[in-house]
Amino acid sequence: MTTRNRLILAVYAPALVANDGRTLAVVSGMERALPGLRLKWEVGEGGRPIELPQRDAWLVEATRRGKLPLLCNGDESYPVTVAGRQSPAILSPGGQPQLHVHAKLPLDEAVIAAAAEMLEGVAEGARAFWGHATPDAAALDIAYQTAPTLEGPPSPRRGLPALKLFDHIRSPEIPYSLGWLNFWSAAAAQVIGFPDPARDAELLTRARRTASGGWVVQLTDAPLDLDNPAHLEALLRTYERFPEIGGRVTPG
């Protein structure tokens, strides 16, 4: 599978605690959104899937150890994976440890149709601060925005703005970046100033409210393709609208 036909889904949430039910909620949220999806295999050595007859109990035990290990759907011809890792306070916004959940799926019609519901399910299940779902090719361009790089100063592509490193952002509610589909918790939306009915009329036509009071906001009708000038303009316009994203300015 090439990088150009995957959807990358990521959410950023408070760190796991003992007896935390959020890992199961994350996995269940993915399964509810995509008909037929069952994430009941652990990825073993060499990438070999190992079936988990008692998946839910296995997840509970892993959570007690502070882990969301790599799970998959057991189908190497149509791979779907999800995993979580804990980010220590020293590397996290506001000095608060976080849980980072990442999923990868084939970017086909079924996944595109389910993507907004899946992002919502994963983000709400994790009680995330924010998150996104973005095609892999566009996600790579967006990754170049982070400053600084190992090679030196940031070198964003396509005129995109430079963004701060995670640990240089003052609070966990501030999104690091934009994507095709964006989840903003109620707290994140308040920090960045969304929605403003006058300024965000177009975004609101592609936005949905979540049960917790957050938002899922879709930048473009089709999956984000930065070779498409209209899509690039939409991304640039949204960065301009929300200068707090990526820690570029401090809200007044």
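The values are calculated or read from the model by the stated rules, or taken from the named source; none is laboratory data. Remember, it's a predicted structure, so these values are computed and weren't measured experimentally. Virtual Cβ from ideal backbone geometry, glycine too; neighbours counted across all protein chains shown. With ligands, DNA and RNA removed, areas are computed over all heavy atoms of the protein, side chains included. Shrake-Rupley method; radii C 1.70, N 1.55, O 1.52, S 1.80 Å.
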> Applying the selection to the stretch 210-219, what residues are in a loop (DSSP other than H, G, I, E, B) and either touching a residue at least 60 places away in the same chain (Cβ under 8 Å) or open to solvent by less than 10 Å² (accessible area, probe 1.4 Å) (or both)?
Replying inline: 210, 211, 212, 214, 219
>> Residue pairs, Cβ under 7 Å, 6 or more apart or interchain, first in the stretch 149-163 and within 18 Å of residue 249 (Cβ to Cβ), second modelled with pLDDT under 65 and surrounded by 15 or more Cβ atoms within 10 Å (Cβ to Cβ). List them.
In response: 154/147; 162/147; 163/147
> Restricting to the stretch 11-22, what's the tally of residues that are surrounded by 19 or more Cβ atoms within 10 Å (Cβ to Cβ) and farther than 18 Å from residue 212 by Cβ?
Replying inline: 1
> From 230, 234, 188, which residue is open to solvent by less than 20 Å² (accessible area, probe 1.4 Å), over 25 Å from residue 101 (Cβ atoms) and in a helix (DSSP H, G or I)?
Replying inline: 234
>> Quick check on my filter: what residues within the stretch 85-104 are of a type in the set (S, T, N, Q) and either in a strand (DSSP E or B) or open to solvent by 10 Å² or more (accessible area, probe 1.4 Å) (or both)?
In response: 86, 87, 96, 98
> Tally time: how many residues in the stretch 29-43 are touching an Asp or Glu at 6+ places or on another chain (Cβ under 9 Å) and not in a loop (DSSP other than H, G, I, E, B)?
Replying inline: 5
>> Six or more apart or on different chains, Cβ atoms under 7 Å: show the pairs whose first residue is in the stretch 44-69 and in a loop (DSSP other than H, G, I, E, B) and whose second is buried (at least 16 other Cβ atoms within 10 Å of the Cβ) and not hydrophobic (A, V, I, L, M, F, W, C).
In response: 52/40; 52/42
> When you scan the stretch 105-141, how many residues do you find that are open to solvent by 20 Å² or more (accessible area, probe 1.4 Å) and in contact with a helix residue (DSSP H, G or I) (Cβ under 8 Å, 6 or more places away or on another chain)?
Replying inline: 11
